[in-house]
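The values are calculated or read from the model by the stated rules, or taken from the named source; none is laboratory data. Remember, predicted model here, so these are calculated numbers, not experimental data. Cβ sites come from the backbone with ideal geometry, for glycine too, and all protein chains shown count toward neighbours. With ligands, DNA and RNA removed, areas are computed over all heavy atoms of the protein, side chains included. Shrake-Rupley method; radii C 1.70, N 1.55, O 1.52, S 1.80 Å.
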Amino acid sequence: MAGKTKVMVAAAAALTLGLTAACGGGSDDNNNTDNNSSTGAAFNAAATKVVNASDKKGGTLNLWSPQDADSWDPAISYYAWTIDMNRLYSRTLMTYTPKPGTDGLILTPDLATAAPEVSADGKTYTFKLKSGLKFDDGSAITSKDIKYGIERIFAQDVVPGGPLYLIEELDQGQNYPGPYKDTDPNKLGLKTVETPDDSTIIFHLKAANANFPYELALPGGAPVPQKRDTGDKYALAPASSGPYKFESIKPGSGATLVRNTNWDASTDPSRKALPDKIVLTITTNADDMDSRLIAGTADLDASQSGVQTQARTQILTNDKLKETAYNPNNGFIRYAALGTTVAPLDNIECRKAVIYASDPTTLQTARGGPVAGGDIATNMLPPNILGADPKYDPYGRAQGKPQIDKAKAALQACGKPTGFDTKIAVRNNKPAEVATATALQAALKQVGINASIEQYDGKNVSSVVGSPAVVKAKGYGIMISGWGADFPTGYGYLAPLAMGSFIAKTGNYNLPEINDPAINDLFTKGLAEKDAQAAAADYQQANEKVMDGNYFVPFVFDKALNYYNPRLTNVYFHQGLAMVDFASLGVSDGK
């Protein structure tokens, strides 16, 4: 088409180069595929290399998790590990390159034949689909299936809780209600997405957006066949476009995936599809799961949230076990969000008192210490994001101790000189989060802030702390949480937490409900930048304004000590996914 040029997602490449510079790059090995694999294991080897490289097929991969999936519906899947799991059964137009190191941050064609054609003004993206693509029932995958899948995201009354980027980008005042209320006879009435034929899909953006390919690579960009859509029940039997399909799904217990015989490996170089079967077991006993991992009857913790205290000690004091453990900085921050709609934390000085009274060292210890928990977090941009500066420390958290005098001064300023009562909300199936809630409670008591702890089922996060109405009604002044970037830019990390347009009735992750025009404008400005460094400067400023607003208590720049069964092959930490790449794993013994 006139005025269009073919690009290999230049924005992604530019951002990757920027990230390399920002993080000190890494060794030459990290950008050399030939040197990026290893047949032997060593502590943290999987952080930078492929360990036990193999193409051997067969056997059963046994995944465990101490928490159930938020949803197997690609429109809803938002936990980092369920996004990773989606790659087993859902494909998108573009996906992350299956390599360790910074190469893994680059997008590569998946359902698309190539990177998109992008118009000169950066506002129109055109993709062509590969031929021979099929769902697990043998029906062809077309551009209309991709459009329909994206339209489902707009139906927040039916399938809430997933990323909202595509609504923000594609609605453009149409107020599209989603396909269930679509008056178009074909239920394809979203005007900003065209499907002129079955192999072409065209997106019209409201403005140039360097992050758009990353947004399409999230699970919500996967195709959904309209005839198989069951609305809010779709998560119980989602269609497969990837190498595996669900044989069974048992909410609260687990799921089993088997080979999708209609998947064509020749169209999908990004997935190895080595095991014959993948069994996921959900447990409420994380210590039992750790014991099974060490005993070899479980292969990997799918949540990748790290082993518990007993196993941590066992692994770090046993050289053999330590060989198959790893703890890279995973791009997450663990933190407490402060509720601005809950008195007295609707007062900025009362929020400041909470921040200064908290004890960075006891919070780090509760997360597992510097090896298994991470480095003390100083602000709200993790160090692997371009524009981040771990030395930016407006609260002096690197000192590692509470600042009682400043906390008391803030209490005086907010009209609560003797302290106040509040509630801490925390997921009951995240022991490290419960431990940080307890540590925070103890620190706050030193200045008269009495915080009771209220635990809730982690699978209900979208409808508990993710519901502004519930937060206000229950009086949750402090909410323990963690976040990893949806895609590796300052916008991908911080916008969902701090941009007003991301506030949602359910599935809300802007927990403090920040809606500051100056912060919103900086995120918008960053999206329009053509230069990655310029965008990074915008996001850095947004981070500073977020810190000025006293909305978060950052705990750690996260590290999770994870362990894998030595029989696993192709184990490596994927920087784009912020955990092990499940789609590359195999089992060496074929069992």
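The separation of region 103-152 from region 188-230, counted between C-alpha centres, amounts to 8 Å. Between E247 and T230, the simple label model (points 7 Å from Cα in the Cβ direction) yields a spacing of 1.9 nm.
Of the residues M85, Y165, L300, the one whose Cα sits farthest towards the positive end of the charge dipole of the chain is L300 (charges of +1 on Lys and Arg Cβ, -1 on Asp and Glu Cβ, taken about the Cα centre).
Gain in length, A120 to Q172, computed as 0.36 nm per residue apart minus the alpha-carbon separation, to one decimal in nm? Extra length from A120 to Q172 when fully extended: 16.7 nm. Once the convex hull of all Cα atoms in the chain is built, its volume per residue stands at 135 Å³. Using the Cβ-Cβ distance between T506 and K277 with R0 set to 41 Å, the FRET efficiency works out to roughly 0.75. In summary, no helical segment of the chain meets the span-like criteria, namely a full DSSP H run, a Cα extent along the axis of 30 angstrom or more and a mean Kyte-Doolittle hydropathy of at least 0.0.
Taking a sphere under 13 Å around the Cβ of V587 and counting the other residues whose Cβ falls inside, with K and R at +1 and D and E at -1, yields a net charge of +2. For the chain, the residue among F420, S131, I201 whose Cα projects farthest onto the positive side of the dipole built from Cβ charges is F420. Accessible surface area normalised per residue over region 59-213 is 30 Å², counting heavy atoms of protein chains with a 1.4 Å rolling probe. Between the listed residues N285, G59, Q399, the Cα displaced farthest toward the positive end of the dipole of the chain, a dipole computed from Cβ unit charges relative to the Cα centre, is found at N285.
Please give the charge dipole size of region 477-591, origin at the Cα centre, charges +1 on K and R Cβ atoms and -1 on D and E Cβ atoms. Round to the nearest 20 debye. All intermediate terms of the calculation are to be shown ahead of the outcome.
Numbers: 7 positive and 12 negative charges, 89 e Å.
Here region 477-591 has a charge dipole of around 420 debye.
With θ taken as phi - 60° and the Karplus curve 6.51 cos²θ - 1.76 cosθ + 1.60 applied, the whole-hertz 3J(HN,Hα) list for region 501-515 is 5, 8, 5, 10, 5, 9, x, 7, 10, 7, 4, x, 6, 6, 9 Hz, x standing for glycine and proline. Per-peptide packing, taken as the mean over residues of other Cβ atoms within 10 Å, places 502-509, 401-408, 215-222 in the sequence 215-222, 502-509, 401-408 from highest down. For the chain, carbon and sulfur atoms together expose 50% of the accessible surface, with a 1.4 angstrom probe and every protein chain in place.
Wrap a convex hull around the Cα atoms of region 411-538, take a quarter of its surface area, and give that in square nanometres. Walk me through the intermediate numbers first.
Numbers: hull surface 37.2 nm².
Its average projected convex-hull area is 9.3 nm².
When only DSSP loop residues count, what trypsin sites (Lys or Arg not before Pro) in region 350-400 have their Cβ near at most 13 other Cβ atoms within 10 Å? Walk me through the intermediate numbers first.
Working: sites: R351, K352, R367, K391, R397; in loops: K391.
Qualifying residues, ordered by number: K391.
3J(HN,Hα) along region 157-172: 7, 10, 10, x, x, x, x, 10, 4, 5, 5, 4, 7, 10, 6, 6 Hz, from the Karplus curve 6.51 cos²θ - 1.76 cosθ + 1.60 with θ = phi - 60°, whole Hz, x for Gly and Pro.
How much FRET efficiency would the formula 1/(1 + (r/R0)^6) give for D521 and A398, where r is the Cβ-Cβ distance and R0 is 41 Å, rounded to 0.05?
With R0 = 41 Å, the Cβ-Cβ based efficiency is 0.85.
Figure the gain on full extension for D287 and T309 (residue separation times 0.36 nm, minus the Cα-Cα span) and round it to one decimal in nm.
Once the chain is fully extended between D287 and T309, it gains 7.1 nm.
Under 5 Å between amide hydrogens, built in the peptide plane, is the criterion, and for N510 it picks out A504 among residues at least 5 positions away or on other chains.
If I model region 471-528 as equal point scatterers sitting on the Cα atoms and use the Debye formula, what is log10 I(q)/I(0) at q = 0.18, 0.25 Å⁻¹? Results for region 471-528 at q = 0.18, 0.25 Å⁻¹ read -0.65, -1.09.
Given their separation in residues at 0.36 nm each and the Cα-Cα distance between them, S131 and N450 gain 108.6 nm when the chain is fully extended. About the centre of its Cα atoms, the chain shows a dipole size close to 660 debye [charges on the beta carbon of Lys, Arg (+1) and Asp, Glu (-1) only; nearest 20 debye]. Our analysis of region 362-441 gives Rg over Rh at 1.01, with the two radii drawn from alpha carbon positions and Rh computed by the Kirkwood formula.
Rolling a 1.4 angstrom probe over the protein heavy atoms, how many square angstrom per residue are accessible across region 311-358?
Working: 1590 Å² over 48 residues.
Per-residue value: 33 Å².
Reported to the nearest whole Å, the Cα centre-to-centre distance from region 74-98 to region 244-260 is 15.
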